[in-house]
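Everything on this sheet refers to the single structure shown next.
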Amino acid sequence: MEVSLFVFLITILIFSTFPQPEALRNPQDPVSSMGPAILPSSSSTASPNPAARSVLQTPLAPALFVIGDSSVDCGTNNFLGTLARADRLPYGRDFDTQQPTGRFSNGRIPVDYLALRLGLPFVPSYLGQSGRVEDMIHGVNYASAGAGIIFTSGSELKFTRSMGEQAAADLISSSVFYISIGINDYIHYYLRNVSDVRNLYLPWTFNQFLASLLRQQIKNLYNLNARQMVVMGLPPIGCAPHYLWQYKSTDGECIEEINNMIVELNFGMRYMIEELSRKLRYSSIIFCDVFESSMDILNNHERYGFNVTSEACCGLGKYKGWIMCLAPDMACRNASNHIWWDQFHPTDAVNTILADNIWNSLHTKMCYPKSLKDVLAKRRRPN
């Protein structure tokens, strides 16, 4: 079960007629008023430096909207009747509040770091906020663990031609839309061979199908005046502890059969986005290859400070990939030297590296044709 894109579109219509408030503070975010500078490790319990609060007076974008799956879910599934929940420790143990928030991580997720880069508060979950316009004006996170491209497409994808007042249209066109979805179409559908799908679709055909559905979703957002979009590719789940366990990997070697499918899909998505960007006037859509950046971390793990590359910090079984993270005593003491937090999700330490690469390619080039920082700089540059 997931929050559909239809809900997102309706919400945009609802708050498009309201004026923007002067200030907002996300109660979930103890450092939400800080500027774009990335803080030290989110496991720190020290109070934020007051001087850092004035780093950026004007946000680089008025709002950040997040659409995706568990990689960026910040608590949506806490309110849904599903077992895919991260509302218990040890999830969140290294977050700013040291409490579980619904994030599938020991700490922050990539969009938390990007929000700070933009000069915005942490973006609240759609189902976790009060429903007031003031709680949504700086963005909303619609991500839901278990969401996929296939199951958020079709009849639910509705849009409108009119955004209401001009101010609302300006707000949407100046905001950043972060889309991270597609991995569950593999984990819960294709790799499990639901409805005999692997006999109906070869990997390349299935990838083309996913890319075409995502293309339509991007066009729907564009028709709602969204102009700045970050579209994330899929990570190397062939290296995830769950599949190392399931496919009986020796010495932590990644499952190439799976990774080859992901590389192929990312290639198709990047080509699709490049082609679509040329057709959608005034759009700035970038594709960020999570596979490429993640493999850089895996291949150069010592340089990044990781010495545990195949085993998850939390779980049971070989590589801790058999049973998901369920209790604090299943977790390692120090997650910062692990690449994987649980069966499928990276640690906070990996998320900050990915966010750095999305923002300005700090460690390695990940986004094409440019980084998010360059996109925003171009749009803010006077003609």
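The values are calculated or read from the model by the stated rules, or taken from the named source; none is laboratory data. Being a predicted model, the structure only gives us computed values, none of them experimental. Every residue, glycine among them, receives a Cβ derived from its backbone with ideal geometry; neighbour counts consider all protein chains shown. Heads up: the accessible areas ignore ligands, DNA and RNA and are worked out on the full protein's heavy atoms, side chains in. Shrake-Rupley method; radii C 1.70, N 1.55, O 1.52, S 1.80 Å.
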Item checked: Evaluation of Leu316 against (1) of a type outside the set (Lys, Arg); (2) open to solvent by 20 Å² or more (accessible area, probe 1.4 Å); (3) within 19 Å of the chain's Cα centre (by Cα) (one fails), failing number -> (3)
Margin query: Looking at the stretch 223-267 only, could you name the residues that are under 17 Å from Gly317 (Cα atoms), at pLDDT 95 or above and open to solvent by 40 Å² or more (accessible area, probe 1.4 Å)?
Written below: Trp245, Gln246, Tyr247, Lys248, Glu253
Check: Hey, Gly252 hits all of (1) at positive phi; (2) without any contact (Cβ under 8 Å) to a residue 24 or more places away in the chain but one; which does it fall short on?
Finding: (2)
Notebook entry, point to check: Quick check: anything in the stretch 172-181 part of a loop (DSSP other than H, G, I, E, B) and touching a Pro at 6+ places or on another chain (Cβ under 6 Å)?
Noted result: yes
Notebook entry, point to check: Restricted to the stretch 287-313, and to residues that are in a loop (DSSP other than H, G, I, E, B), open to solvent by less than 60 Å² (accessible area, probe 1.4 Å) and touching a residue at least 40 places away in the same chain (Cβ under 8 Å), which residue is nearest to Val176 (Cα to Cα)?
Noted result: Asp289
Notebook entry, point to check: Considering the stretch 232-259 alone, what residues qualify as being out of contact with any helix residue (DSSP H, G or I) (no Cβ under 8 Å at 6 or more places or on another chain) and under 26 Å from Tyr178 (Cα atoms)?
Noted result: Ala240
Next item on the list: Could you identify the single residue in Thr101, Thr97 that is modelled with pLDDT of 90 or more, under 25 Å from Ala335 (Cβ atoms), open to solvent by less than 50 Å² (accessible area, probe 1.4 Å) and not in a helix (DSSP H, G or I)?
Entry: Thr101
Next item on the list: Give the residues of the stretch 209-247 that are touching a residue at least 40 places away in the same chain (Cβ under 8 Å), in a loop (DSSP other than H, G, I, E, B) and farther than 25 Å from Asn357 by Cα, sorted by residue number.
Entry: Leu224, Asn225
Checklist line | Failed condition for Met324, given (1) within 22 Å of Ile109 (Cβ to Cβ); (2) at pLDDT 95 or above; (3) out of contact with any Ser or Thr (no Cβ under 6 Å at 6 or more places or on another chain) | finding: (2)
Item checked: Residue list for the stretch 55-90, filter: in a loop (DSSP other than H, G, I, E, B), crowded, with 24+ Cβ neighbours inside 10 Å, hydroxyl-bearing (Ser, Thr, Tyr) and touching a Gly at 6+ places or on another chain (Cβ under 9 Å) -> Ser70
Check: Considering only the stretch 362-374, how many residues are surrounded by fewer than 18 Cβ atoms within 10 Å (Cβ to Cβ) and either within 14 Å of the chain's Cα centre (by Cα) or not basic (Lys, Arg) (or both)?
Finding: 6
Notebook entry, point to check: Which of (1) more than 24 Å from His188 (Cα to Cα); (2) out of contact with any Pro (no Cβ under 8 Å at 6 or more places or on another chain); (3) of a type outside the set (S, T, N, Q) is the odd one out, the single condition Trp341 does not satisfy?
Noted result: (1)
